[in-house]
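One structure is given here, and the rest of the page talks about it.
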Amino acid sequence: MEYLILLQREYMAYKKILVAVDGSDISTLAMQEAIKLAKDLHAKIRVIYVADELITVGDGVSFDYERFEIAVRGFGQSILQNMESLAKLSGVTVESCIVDNADHSARIPERIVQDASEWHADLLVVGTHGRRGFSHFLLGSVAEGVMRIATIPVLL
């Protein structure tokens, strides 16, 4: 019984929930779970999209980087607007932010954890695609990276 009471106290401490989204169906499901928690706990949500514009172009290939950067930010903004709408329909307080990673001084998981720390989040929510084997090796996992370096609880 003591364990249940302790668990309930910890659970009730979530007042600021940060959700990292990428536009996938999985991140929408993660947002929906965060909304349920926020509604039950009367918590605030901050939803972020990391704008990572890293591309590699070989010699002799022309590329309009400025146009690409605008497209990435526009895509991120539309994702954030959709996530905000979901939260507002449920009556949850929400804010959103595009987290810039243009200088590539950090990896995406590091940017997510940094933003959570700066916002003083109590819980970090990230969707995971559940990749296995070679695709996991090749693509890595933002969720796994977040889980490894976060200093606050992470809901995957």
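The values are calculated or read from the model by the stated rules, or taken from the named source; none is laboratory data. As the structure is a computational prediction, the values presented were derived from the model and not from experiment. Ideal geometry is used to build each Cβ from the backbone, glycine not excepted, and the neighbour counts take in all protein chains shown. SASA here: full protein model, heavy atoms, side chains in, ligands and nucleic acids out. Shrake-Rupley method; radii C 1.70, N 1.55, O 1.52, S 1.80 Å.
Summary table below
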| read-out | value |
| --- | --- |
| Label-point separation in nm, T128 to R107, each point 7 Å along Cα→Cβ | 1.5 |
| Note, ³J(HN,Hα) from phi for the range 79-93, Karplus 6.51, -1.76, 1.60, rounded to Hz, x at Gly and Pro | 5, 4, 4, 5, 5, 4, 4, 4, 5, 5, 4, 8, x, 9, 6 |
| Residue-level accessible surface for F75, protein heavy atoms, 1.4 Å, Å² | 100 |
| J(HN,Hα) series, the range 39-50, from Karplus relation 6.51 cos²θ - 1.76 cosθ + 1.60, nearest Hz, glycine and proline x | 5, 5, 9, 6, 9, 9, 10, 10, 10, 10, 10, 8 |
| Long-range amide H partners of L123 with built H, under 5 Å | K16, L18 |
